[in-house]
Amino acid sequence: MKPLEGILVLDFSQYLAGPSCSLRLADMGARVIKIERPGGGDNCRKMSLKNLVIDENSVLFHTINRNKESFCANIKDPKDLEIVKKLIARADVLIENFRPGVMKKNQLDYESVKKINPRLVYGTITGYGAEGPWVRKPGQDLLVQSMSGLTWLNGNGQNPPTPFSLSVVDSYAGVHLAEGILAALFGRYKTGEGALVETSLIESAIDMQFEGITTYLNNGGKLPVRANYNNAHAYLGAPYGVYKTKDGYIALSKGSLKALAGYLDIPELAQFNDYEDTFQKRDEIKLLIGDRLVTDTTAHWLEILEKEDYWCSDVYTWETLLNTEGFQALRFLQDLDVGDGRTIHTLRCPIKVDGEAYYSSKTAPDLGEDTDRIKQEFELEKEEQA
């Protein structure tokens, strides 16, 4: 039995942040019903990456909404709204990620729905919080990365701000909301009452940088300075970085420079102090290391350094990663069945409970696929007619 079996989640969210939260709840056993507008549904249905589409829905939508159900309702229509409220009365969790004010306009804000269901845990993700001068700004991943300072940490010192090439803020915010919802569900077992759980993309992006921002706040307000050569962490010194080799790349983490001087046969390294020089003279040190590592293969250097338990690794592409024995031992891939013998290859839930990894072969639902069945199951139309 999965830990969240018996928990009913109504997911009004769309795109990535909210659906990534409900995906994790579904992976752990919750029943997730997407509440979608007729005619279009979640806008992520049309948001394809590299034009990958199956049955008019993007592959991204299929993977982030796997193992969910779809219920169509026009919440601007009074009859549909009443049906949705009856579902809310049965639910344990509600998730939404509209701009502030949208749910209140439709009588579905927390203060309104807790009158219907005081035990409801209400989770909401906004772009920049529920108040303040940024409330109306678009909550989009790249924009939030840029405003949060995150892009100033990537790339070498002479490069412009460099964003992550992933929707990292959306994913992180989804994790935060899931954490808050699970905490509120646990609290409900003690108090009998639900709760409002809130997070925002900007708060998640800032929290992601707690290590660096804490350093900044306690270091006289001195901004981090990226290394000009092989920057990998604005606050860590040499040898921390990724270096080119004769046939690829190698990553070096922390370790004694004097020891590294012997392992790599770079006598010049021994003159540097392991405490002060590693940061103050990091570019000079990294250039010495880089000039040496490029003379031989990645495998050659890994054999030397791993034997000495020096922290290092190969630098894989996805193609290389997925073919390693280490990755295959994780059994991290799963197939989603989209019918007619077609499958979508994706990743499983990264969480295990009591050694059990959670897989699901059910792909995302077609728009409104489960509406009639859910109405019948919960006797929604019968109650409406009564």
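The values are calculated or read from the model by the stated rules, or taken from the named source; none is laboratory data. Keep in mind that this is a model prediction, so the values were computed, not measured. When we count neighbours, we look across all protein chains shown, and the Cβ atoms used for this are built from the backbone with ideal geometry, even at glycine.
General observations
- Test: residue in the range 253-262 that is free of Cβ contacts under 8 Å to residues at least 12 places away in the same chain and outside the structural domain of Val169 (by TED's automatic domain parsing): yes
- Residue check for Glu193: assigned to a strand (DSSP E or B), of a type in the set (Asp, Glu) and either over 25 Å from the mean Cα position of the chain (by Cα) or at pLDDT 95 or above (or both): no
- Any hit, the range 252-260, residues being of a type in the set (Lys, Arg) and in contact with a strand residue (DSSP E or B) (Cβ under 8 Å, 6 or more places away or on another chain): no
- Gly355 in the same structural domain as Asn67 (by TED's automatic domain parsing), on the phi > 0 side of the Ramachandran plot and surrounded by 13 or more Cβ atoms within 10 Å (Cβ to Cβ): no
- Filtered residues of the range 197-220 (kept if part of a helix (DSSP H, G or I) and more than 18 Å from the chain's Cα centre (by Cα)): Glu211, Gly212, Ile213, Thr214, Thr215, Tyr216, Leu217
- Any hit, the range 310-320, residues being touching an Asp or Glu at 6+ places or on another chain (Cβ under 6 Å), assigned to a helix (DSSP H, G or I) and surrounded by 12 or more Cβ atoms within 10 Å (Cβ to Cβ): no
- Residue that is surrounded by the most Cβ atoms within 10 Å (Cβ to Cβ) [pool: residues in the range 41-59 that are free of Cβ contacts under 8 Å to residues at least 12 places away in the same chain and farther than 13 Å from Asp366 by Cβ]: Val53
- Candidate set: the range 64-84, residues that are assigned to a helix (DSSP H, G or I) and crowded, with 17+ Cβ neighbours inside 10 Å; chosen: the one nearest to the chain's Cα centre (by Cα): Ile64
- Among the residues of the range 282-308, the one identified as over 17 Å from Tyr243 (Cα atoms) and in contact (Cβ under 8 Å) with a residue 40 or more places away in the chain is Glu308.
- Test: residue in the range 129-152 that is assigned to a loop (DSSP other than H, G, I, E, B), under 20 Å from the mean Cα position of the chain (by Cα), closer than 22 Å to Pro224 by Cβ and not assigned by TED's automatic domain parsing to the domain that holds Glu284: yes
- Cβ pairs under 8 Å, 6+ apart, first in the range 331-355 and under 22 Å from Trp318 (Cβ atoms), second of a type in the set (Lys, Arg) and part of a strand (DSSP E or B): Leu336/Lys362
- Count of residues meeting criterion [closer than 20 Å to Thr317 by Cα and surrounded by fewer than 17 Cβ atoms within 10 Å (Cβ to Cβ)] in the range 229-248: 5
- Residue that is surrounded by the fewest Cβ atoms within 10 Å (Cβ to Cβ), among those in the range 103-114 that are in a helix (DSSP H, G or I) and in contact (Cβ under 8 Å) with a residue 40 or more places away in the chain: Lys114
- Subset tally (residues that are surrounded by fewer than 18 Cβ atoms within 10 Å (Cβ to Cβ) and over 30 Å from Gly241 (Cβ atoms)) for the range 115-156: 15
- Pairs with Cβ under 9 Å, 6+ apart, first in the range 67-82 and closer than 23 Å to Tyr359 by Cα, second part of a helix (DSSP H, G or I) and hydrophobic (A, V, I, L, M, F, W, C): Asn67/Leu23; Asn67/Ala26; Lys68/Leu23; Lys68/Ala26; Glu69/Ile374
- Candidates Leu177, Leu166 - the one that is part of a loop (DSSP other than H, G, I, E, B), within 14 Å of the chain's Cα centre (by Cα) and among the aliphatic types (A, V, I, L, M): Leu166
- Options Arg188, Arg226: the member that is in the same structural domain as Val175 (by TED's automatic domain parsing), more than 24 Å from the chain's Cα centre (by Cα), of a type in the set (Lys, Arg) and surrounded by 14 or more Cβ atoms within 10 Å (Cβ to Cβ): Arg188
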